[in-house]
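Okay, structure first, notes after.
Each reported figure results from applying straightforward, stated rules to the coordinates on display, with no laboratory input. Just so you know, these numbers come straight off a predicted model, no measurement behind them. We place every Cβ from the backbone using ideal geometry, glycine too, and count neighbours over all the protein chains shown.
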Amino acid sequence: MNILAMDTSNQVLAVAIQRDNKVVGEIVTNLAKNHSVRLMPAIDRLMKEVNMKPEQLEKVIVAKGPGSYTGVRIGLATAKTMAWALNIPVIGVSSLEVLAYQGRFFNGVICPFFDARRGLVYTGCYRWDKNTMKLIRKEENLAMDILLSELSSLGQQVIFLSPDIAIHQEQIKGVLGDLAIIPEEPDHLLRGAHLIAVAKGKQPEPTHTLRPNYLRLAEAEAKWLEKNKGC
Amino acid sequence: MGEYKMNKEVLILGIETSCDETAVAIVKNGKEILANVVSSQIESHKRFGGVVPEIASRHHVEQITYVLEQAMEQAAVSWDEISAIAVTEGPGLVGALLVGVNAAKGLAYAKHKPLIGVHHIAGHIYANRLQQEFQFPLLALIVSGGHTELVIMKAHGEYELIGETRDDAAGEAYDKVARMLDLPYPGGPGIDRLAELGEETIAFPRAWLEEGSYDFSFSGLKSSVINTIHNAKQRGETLKPADIAASFQASVVDVLTTKTVRAAKQYNVKQVIVAGGVAANKGLRSSLQQEFANLEIPIQIPPLYLCTDNAAMIAAAGAIAFAQGKWSTLDLNARASMPLK
Ligand SMILES: [Zn+2]
């Protein structure tokens, strides 16, 4: 199956192409640059490089967040529209699950996260089980404090994976000590090919209803609900 | 460009997501609407008293492929017949624009179509060409929630901005005054209706600015309305809301009409066109129509569905850019502010 995969949900921009059952090309950058400007040229370049035409694609995979609201929408607007125009299925995968994939083969809790400012993170916990990634703690937007106290009560080894590891490393070590495994820098960088791996076995959603996985209400919405509580 | 023959019909698919409408349209030869689908979010924003950019962006990404599909079904055309994809590049809410721009790029790439970035105001102007061919030089007055501009056009695709607002757009002033009068958002229609029932009893200021300027300013007027209501309350007097609305509207309409008339005379224009959501305002329409009838200069104000944001206008403006070879590349970005050129 010919697949195009893309992720613009966080700072990494990743594009990958599978031909038949082989990943034939990948572009990954980790730069604070504009995804909107760079995504389509990256897709175009890679498609040309691997000599594939858009009409030869059979599936589109996109990271649907959590992450930057705008970044997630750039990926989804592109992926949904391409899938709709080409009349092929689109699969949205969790950006956290793609990151967790960096920790496959680890025999313990896999904890991917993205910094969400003010002590908060977007996170969820996974376990590598029989060659698939199993979600063992639901994804949400929560305080790092709460996550760490929860994890320390498990008394198990936890591998932390995050492009924002530097911000939280000290606190993680402080709470979990030797139970916390923090790999080297390259392991915190996700890859486009892993979107394809993660999507394997997942069913496509109808293109029209595929929506971002923000894990957070828009601020105005949250404030409005707070103010109108109980009416 | 060789494959697009001179006599071939040009069908442009336009996309507009600069604010709170997700819109897709298909227009033939820049003049004939084959499909015009607008998914309005107004109900979602009403409770916040204005457009919330993040919520607008969320709606766009959820709506975009539905709206595309509806437009293709409405036009009943095949992809082979579509000549190019036009999209609002700016100005507007950047997060909202990005959804349209990236959808347009995905479409242009997947279907091997030229991509055309369109200025939102150029779109508002070209909404008029869906009704009647332009006569140059023409003067366009664009009035909406985000814009108050006077533009001179001497030829297709050439825009000379001669005046713009220095603070609030006319529509913005309407929304703020409406809020003070407890009228729902958007404020324009409510004030327009209320004004018909009142009299101009309060002499609100007119911001003419320096001699000869075609720029606008509505923040002073807005403050004057606030102060007048506030002072009356302190003195225990009650002002009739209908009179406040009529007096406020009289000031806005007076400034817009006077400057438009002066510009039309100075530039010796053959046609005046009005565009943008505020062009639906009855008070403004009748004032402009009366003045230009006296001057014997034809004035054109499009029907409401073409005044407010839509994608037919983007496709119409895109048809000109397409013919002129002003095509964009796949690195097209959304631009929150963007000069009209
Ligand atoms: Zn507009």
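From the largest down, chain A spans 51, 49, 32 angstrom on the principal axes of its Cα atoms.
Paramagnetic label reach from A:Q157 (point 7 Å along Cα→Cβ; backbone nitrogen cut-off under 18 Å): within segment A:181-216, residues A:181-185, A:187-188.
Take each residue of peptide A:30-42, count the partner chain Cβ atoms within 10 Å of its Cβ, and average: the result is 4.
With contacts taken as Cα pairs under 8 Å and at least 6 residues apart, chain A reaches a relative contact order of 22 percent. For chain B, take the longest principal axis of its alpha carbons; what is the angle in degrees between that and the long axis of helix B:170-180, to the nearest 10 within 0 to 90? Long axis of B:170-180 versus the principal axis of chain B: about 50 degrees.
Identify which of B:L97, B:L288, B:L209 has the largest mean-square fluctuation in a Gaussian network model of chain B, with springs joining Cα atoms closer than 10 Å. Comparing B:L97, B:L288, B:L209 in a Gaussian network model of chain B, the most mobile one is B:L209.
Mean per-residue shielding of peptide B:92-105 is 5, counting Cβ atoms of other chains within 10 Å of each Cβ. Taken residue by residue and averaged, Cβ atoms of other chains lying within 10 Å of the Cβ of B:55-64 number 5. Alpha carbon centre of segment A:1-54 versus segment B:119-139: separation in Å? Each part reduced to its Cα centre gives a spacing of 39 Å.
What separates the Cα centres of segment B:230-276 and segment B:51-75 is a distance of 34 Å.
When the C-alpha to C-alpha distance is required to be over 30 Å, the pairs from B:K8/B:K282; B:K46/B:K265; A:K53/B:K8; A:K64/B:K176; A:K202/A:K227 that qualify are B:K8/B:K282; B:K46/B:K265; A:K64/B:K176; A:K202/A:K227.
In a DSSP loop and with at most 12 other Cβ atoms within 10 Å, the trypsin sites (Lys or Arg not before Pro) in segment B:126-183 are B:K154.
Estimated from helices alone, the mean residue ellipticity of chain A at 222 nm is -10500 deg cm²/dmol (sum of -39500 (n - 2.57) over DSSP H runs with n ≥ 4, per residue).
Of A:I182, A:A77, B:L107, whose Cα points farthest to the positive end of the dipole of the protein assembly as shown (charges on the beta-carbon: +1 Lys, Arg; -1 Asp, Glu; origin at the Cα centre)? So the residue furthest toward the plus end is A:I182. Relative to the dominant Cα principal axis of chain B, helix B:312-323 is inclined by about 50°.
Could you give the Stokes-Einstein D for segment B:150-259 in µm² per second, using the C-alpha Kirkwood radius, 37 °C, 0.692 mPa s? Translational D for this selection: 221 µm²/s. Selection among B:F292, B:V67, B:Y159 by position relative to the dipole of chain B gives B:Y159 as farthest towards the positive end (Cβ unit charges, Cα centre).
Compute and list, largest first, the equivalent-ellipsoid semi-axes of the protein assembly as shown from the alpha carbon gyration tensor, each √(5λ) rounded to a whole angstrom.
Largest first, the protein assembly as shown gives 49, 31, 17 Å.
Pick from A:P186, A:P89, A:P112: which is most flexible by mean-square fluctuation in a GNM of chain A where alpha carbon atoms under 10 Å apart are linked? Among A:P186, A:P89, A:P112, the largest GNM mean-square fluctuation belongs to A:P186.
If every alpha-carbon in segment B:1-118 counts as one equal scatterer, what log10 I(q)/I(0) does Debye give at q = 0.16 1/Å? Calculated log10 I(q)/I(0) at the listed q: -0.71. Using every pair of separate Cα atoms, the Kirkwood estimate puts the hydrodynamic radius of chain B at 20.6 angstrom.
Annotation: for a label point projected 7 angstrom from Cα along Cα→Cβ of B:K326, residues of segment B:131-174 with backbone N closer than 18 Å are B:134-142, B:149-163. With R₀ fixed at 60 Å, the C-beta to C-beta distance from B:S286 to A:E140 puts the FRET efficiency at about 0.60.
Computed about its Cα centre, the charge dipole of the protein assembly as shown is approximately 740 debye, with only Lys, Arg, Asp and Glu carrying charge at their Cβ. Modelled this way, with points 7 Å down the Cα-to-C-beta line, the labels at B:Q266 and A:K48 are 4.8 nm from one another.
Relative to the Cα centre, the charge distribution of segment B:1-160, modelled as +1 at Lys and Arg Cβ and -1 at Asp and Glu Cβ, gives a dipole magnitude of about 120 debye. Note on B:T201/B:S40: beta-carbon distance plugged into 1/(1 + (r/R0)^6) with R0 of 35 Å gives a FRET efficiency of 0.50. With each run of n ≥ 4 DSSP H residues scored as -39500 (n - 2.57), what mean residue ellipticity at 222 nm is computed for chain B after dividing by its residue count and rounding to the nearest 500 deg cm²/dmol? It comes out at -13500 deg cm²/dmol, rounded to the nearest 500. Packing here is the average count of other Cβ atoms within 10 Å per residue, and on that basis the peptides B:100-107, B:212-219, highest first, run B:100-107, B:212-219.
Distance from the alpha carbon centroid of segment B:293-336 to that of segment B:160-174 works out to 18 angstrom. On a 0 to 90 degree scale, rounded to 10, what angle separates helix A:35-49 from the longest Cα axis of chain A? Result, in degrees: 50. Taken along the Cα-to-beta-carbon direction at a fixed 7 Å, the label points for B:Q135 and A:E184 span 7.6 nm. Annotation note: GluC sites (Glu not before Pro) in segment A:144-231 located in DSSP loop regions with a Cβ neighbour count of at most 10 within 10 Å are A:E184. Using C-alpha pairs below 8 Å separated by at least 6 residues, the relative contact order for chain B is 25 percent.
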